[in-house]
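Novice: Pasting a structure below so you can have a look.
The values are calculated or read from the model by the stated rules, or taken from the named source; none is laboratory data. Because the structure is a prediction, the values reported are computed rather than measured. Reconstructed Cβ throughout: ideal geometry from the backbone, glycine too, with neighbour counts over all protein chains shown. Ligands, DNA and RNA are excluded from the accessible area calculation, which covers all protein heavy atoms including side chains. Shrake-Rupley method; radii C 1.70, N 1.55, O 1.52, S 1.80 Å.
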Amino acid sequence: MRFYYRSLPAEWQADFREYQRSLARRFCVLACAAGLLIIPLFQVADLWLYDWADHHWWEHMAWRLPPVVTAVGALFLNWRLPEGNWPRPMLVLYCLSGMLMMTGLMAEHLGGAGEGEGFMAKGLVVVIALVAVLATAGARDLVLTYGIPALALGWVVMGQSLSAVEWFSALIHPLLMAVLGIVVAEELLRVRLAAFAARQELARNASTDVLTGLANRRAFDERLEAEHARSLRVGSGYALVMTDLDHFKHVNDTWGHEVGDEVLRELAQRLVSVLRTEDMLGRWGGEEFMALLPGAGEREAMTVAEKLRHAVADTLFATSAGSIPVTTSLGVAVFRGEQLPGMVARRADIALYAAKENGRNRSETA
């Protein structure tokens, strides 16, 4: 049950599917718990209408048993596999069993005497509305939950010797609610998509440097802290490479800050092109950038630092003011069991200062 939502960027699709899984889990647990409370109460209440030995009472119990069993199964899965991929399939199955329950109860009373048919029709309308609210994927989740019971009810009605008026009175309210349910389910999906996109955009803006599109200092620090904690726990290690543009003030003073911004954007693209997918590059501040290299030792980190340096120095930067030569100095520090990530970053800063002192356009380690 994996759908592609065209209104969301491709990089958000996986996050939205996880959001839907989490939402379906909450809906499923809540709906199943409510069903386990309400459905048995209705079965007990039937004793006021039928004797326990009456065939209607036992037929009602037979129709009510599938959603109860499904609810128990869903709650068991929630207990044993809280992070599993079962929520949406189980939610759809539970909704389908509830729809079949009410459809069967209504079909049992079609054309009968008393108020049973009207009462069951009202119950079916309520269940149709609830199923629409629980459809986390919109109308796509209603294909089975509405379609199968509708076909079954239509087949039953056709087999009954009912007049056109009786047909109309039996089916009009469930059909109208089904149409309304489809509209409601799609509108709720649209609202969820919009809310999710707004949250993702807010999170991206809060963690992204506006000028370069890289992770900002806050986002980089969060990733660094997580990698540092993992290294302390399992001994995996990591390296930091701090990069600083040489004589960047001269660029701004000579060609202006707009050209300086162009240089920073181009620099970010060149640095990213050298790194692995598991690495992270962030804007540390001003013209300083920091690369996090998970699992890298000193030799690997120095090799990466030299690749970064050559990616900048070997090709002129094309700007609106013409081609400009740009170089960088880099400082490398490898995790050595420090208790705080800031201690590793401090050594990278010391190594960068050494690179500046030793002539710039070079890499140093500390």
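Novice: Select from Ala348, Ala197, Ala164 the residue whose mean-square fluctuation is largest in a Gaussian network model of the chain (Cα-Cα springs shorter than 10 Å).
Specialist: Answer for the Gaussian network model of the chain: Ala164.
Novice: May I pose another question? Could you point to the residue in Ala354, Asn78, Trp58 farthest towards the positive end of the chain's charge dipole, with +1 and -1 charges on the Cβ of Lys/Arg and Asp/Glu respectively?
Specialist: Ala354
Novice: Got a number for the accessible area of Arg360? Probe 1.4 Å, square angstrom, nearest 10.
Specialist: Taking all protein chains as shown, Arg360 has close to 90 Å².
Novice: Where the only charges are on Cβ atoms (+1 Lys, Arg; -1 Asp, Glu), what is the dipole of the range 88-219 about its Cα centre, to the nearest 20 debye?
Specialist: 840 debye
Novice: Oh, and also: On the full set of protein chains, 1.4 Å probe, figure out the accessible area of Ile38 and give it in Å² to the nearest 10.
Specialist: The accessible area of Ile38 comes to roughly 90 Å².
Novice: Could you look at the range 141-254 and say what percent of its accessible area is carbon and sulfur, using a 1.4 Å probe and all protein chains?
Specialist: That fraction is 67 percent.
Novice: Give the cross-link partners of Lys249 among the lysines, using a straight C-alpha distance below 17 Å as the criterion and excluding same-chain residues fewer than 8 apart.
Specialist: Lys356
Novice: Which aspartates and glutamates, if any, have their Cα less than 18 Å from the Cα of Lys122, not counting same-chain residues under 8 positions apart?
Specialist: Straight-line reach from Lys122, under 18 Å: Asp46, Glu108, Glu166.
Novice: Would you please give the residues with an amide H less than 5 Å from that of Asn361, counting only those at least 5 places away or on a separate chain, with H modeled from the backbone geometry?
Specialist: Long-range HN contacts for Asn361: Thr328, Ser329.
Novice: May I ask you to give the solvent-accessible area per residue for the chain, in square angstrom, as obtained with a 1.4 angstrom probe?
Specialist: I get 53 Å² per residue for the chain.
Novice: On to the next question. Which one, Ala206, Phe220, Leu188, is farthest towards the positive end of the dipole of the range 185-235 when Lys and Arg carry +1 and Asp and Glu -1 on their Cβ?
Specialist: Phe220
Novice: Return, ordered by residue number, the residues of the range 244-259 whose backbone nitrogen is under 19 Å from a label point located 7 Å along Cα→Cβ of Thr327.
Specialist: Residues 244-254 fall inside that zone.
Novice: Write out the GluC sites (Glu not before Pro) in the range 268-366 meeting two conditions: DSSP loop, and at most 13 other Cβ atoms within 10 Å of their Cβ.
Specialist: Glu278
Novice: I've got another one for you. Give me the accessible area of Ser207, 1.4 Å probe, in Å² rounded to the nearest 10.
Specialist: 40 Å²
Novice: How large is the helix-only mean residue ellipticity at 222 nm for the chain, computed as the sum of -39500 (n - 2.57) over DSSP H runs with n ≥ 4, divided by its residue count, in deg cm²/dmol to the nearest 500?
Specialist: Result for the chain, helices only: -23000 deg cm²/dmol.
Novice: Under a point spin-label approximation (7 Å from Cα along Cα-to-Cβ), what is the Leu316-Ile38 distance to one decimal in nm?
Specialist: 7.4 nm
Novice: Given H placed 1.01 Å from N in the peptide plane, which residues other than close sequence neighbours of Thr319 have an amide H under 5 Å from its amide H?
Specialist: Here the answer is Ile324, since their amide H atoms fall under 5 Å of that of Thr319.
Novice: At 20 Å minimum axial length over the Cα atoms and a Kyte-Doolittle cut of 1.0, report the qualifying DSSP H helices in the chain, or say none.
Specialist: Span-like helices in the chain: 116-134, 142-159.
Novice: How high is the relative contact order of the range 271-366, given as a whole-number percent (alpha carbon pairs under 8 Å, six or more residues apart)?
Specialist: Result for the range 271-366 is 24 percent.
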